[in-house]
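The structure appears right after this line, and notes come after that.
The values are calculated or read from the model by the stated rules, or taken from the named source; none is laboratory data. Computed from a prediction, not measured in an experiment: that's the story for all the values here. Methodologically, a virtual Cβ is constructed for each residue, glycine included, from the backbone with ideal geometry; neighbour enumeration extends over all protein chains shown. All accessible areas refer to the heavy atoms of the entire protein, side chains included, with ligands and DNA or RNA removed. Shrake-Rupley method; radii C 1.70, N 1.55, O 1.52, S 1.80 Å.
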Amino acid sequence: MLLTISTTAPPATDLGFLLHKHPGRVQRFGQSFGEATVFYPEADERRCTAALLLDVDPVALARSRGKGSPDFSLSQYVNDRPYAASSLLAVALADVFRTARAGRCAARPELASTPLPLEIRLPALPCRGGPELAGRLFAPLGWRVTAEPVPLDEGFPEWGDSRYVRLTLDGTVRLADALNHLYVLLPVLDEAKHYWIAPDEIDKLIRAGEGWLRDHPERDLIVRRYMGRRWTMARAALARLAELGDETEEQLEPAVAEDAPPGRTAGDEAAAAEAGAETEEPAAEPAKRKPLNTQRRQAVLETLEELGAVSVIDLGCGQGELVGALLSRPRFARVGGMDVSPMALTIAARKLKLERMPDAKRARLTLFQGALTYTDKRLAGYDAAVLMEVIEHVDPPRLAALERVVFGHAKPAHVLVTTPNVEYNVRYEFLTGLRHADHRFEWTRAEFAAWAEGVAARHGYRVAFRPVGEEDPEVGPPTQMGVFTRD
Ligand code: SAH
């Protein structure tokens, strides 16, 4: 039973750091059902491949099931377990690459959180439901999927295909995500688990599915099969997934922005009213403020119009809200949307009603997956690029790569960058820490200005700063925007 993972991200041998397995060594890991071996069939700067080979001992496997095991038939000893990728491989993978699956890498922290060009091969994967099912499960996660049926016997083509496929996945994906996709989807495709499904299986699924399972178009099928058709557990798991909120700052911000004007809390205001104290507000009640994400989108649209941009690309477009707004304004003749997350793009396509979009509108739009830290020709040729609430999702050591990609290669006439102003966080009553769990940093106005001015100087741009959202006299606006213009 074999699985290989290759990367071409230079230096490719960094894969060894990410997997916590040295490319120069062959390492063995005992499993209750056999032995897992990790080795590198190739390891140079340009391409590195790690192989996980699993030797299953059917006798050990039968014994490892214990006395309560329901199956004492011969099929326990004579079966496809020794060579077919399956739940055994998933378990071995989870054990051998535990740290990598958790997304931790002390030696190369930024690599662990960066999508990398990966190729995964499984020469014999049991695939109940046919090769097409592998596509339905992996493609929405950003993989290009090749699933070739393996003939039952190459000498007798008339016998037809076996239920195995030779699977190749390639895509630009975080290694931890790739391992979690395999951990969940291998047993789902096999539809047979070698072990007894215990209640903690729900927790394992929720943990491994973080960030991709909840919105997967085949979520119900995945959960049902993962739970071995134990309906009660499948239902419990689906309910847990449905409960998982988005936890986006968009949920945090509007609530706060609407209820508590910056600079004063609702409590302060009530106290002032009670005491009959004068307030500094103008007599007229200010119109109810819009949620911050709406204000941000408006600020970006107004700036783009002011700059006279006709073609605009939204980098890190998320679920496509800005893309939709740009498309609804005919002056933007060409609109691009790019994001690293295939799930975000799937949702964007659905929200934008891409399939039912009139041809003339559809022709103005290009929506695609990509990573901002890799040079990409598709990013060039637009008047303006927008990075709205994106840079803070990138690890600081990778910002230089993003800078090169956007300002060095794509180099549009204008670049709009928005990011939270961390000074403003004290105005959010219930906020502890950063505004979003995925934020790698949040900057003060001075920190943002220093970065932006450095970028501008290095690449021949000028930069001006604009506040977004109501400006607080002490801590500034909730969002800061840098407007870059090429000299
Ligand atoms: N611009 C959108 C989404 C902001 S959330 C908005 O303002 O509503 C940040 C987005 O950046 C996410 O969708 C995330 O997938 C994307 N992202 C993070 N790192 C990225 C990278 N390296 N390349 C491309 N997109 C990235």
For T432, what accessible surface area do you get with a 1.4 Å probe? Give it in Å², rounded to 10. 120 Å²
Could you sort F17, F484, F39 by accessible area so the largest value comes first, with the probe set to 1.4 Å? F17, F39, F484
Take L238, L434 and sort them by solvent-accessible surface of the protein heavy atoms, 1.4 Å probe, largest at the top. L434, L238
Report the percentage of all Cα-Cα pairs in region 293-424 whose separation exceeds 22 Å, rounded to a whole percent. 32 percent
Using a 1.4 Å probe, how large is the accessible area of S311, given in Å² and rounded to the nearest 10? 10 Å²
Report the extension gain between Q27 and R240 in nm, rounded to one decimal, defined as 0.36 nm multiplied by the number of residues separating them, less their alpha carbon distance. 72.9 nm
Would you please give the residues with an amide H less than 5 Å from that of V150, counting only those at least 5 places away or on a separate chain, with H modeled from the backbone geometry? S162, Y164, V165, R166
Linear extension gain, R166 paired with T366, 0.36 nm per residue minus alpha-carbon span: 68.8 nm
Estimated distance in nm for a label pair at A349 and A450, the labels positioned 7 Å out from Cα along Cα-to-Cβ: 4.3 nm
Solvent-accessible surface (1.4 angstrom probe) belonging to M388, in square angstrom, nearest 10: 40 Å²
Quick one: Karplus J couplings for region 448-462, per residue in order, coefficients 6.51, -1.76, 1.60, θ = phi - 60°, nearest Hz, x for Gly and Pro? 5, 4, 5, 4, 5, 5, x, 4, 4, 5, 6, 10, x, 10, 10
Express in nm, to one decimal, how much length is gained between T375 and E35 on full extension, taking 0.36 nm for each residue of separation and deducting their alpha carbon distance. 118.3 nm
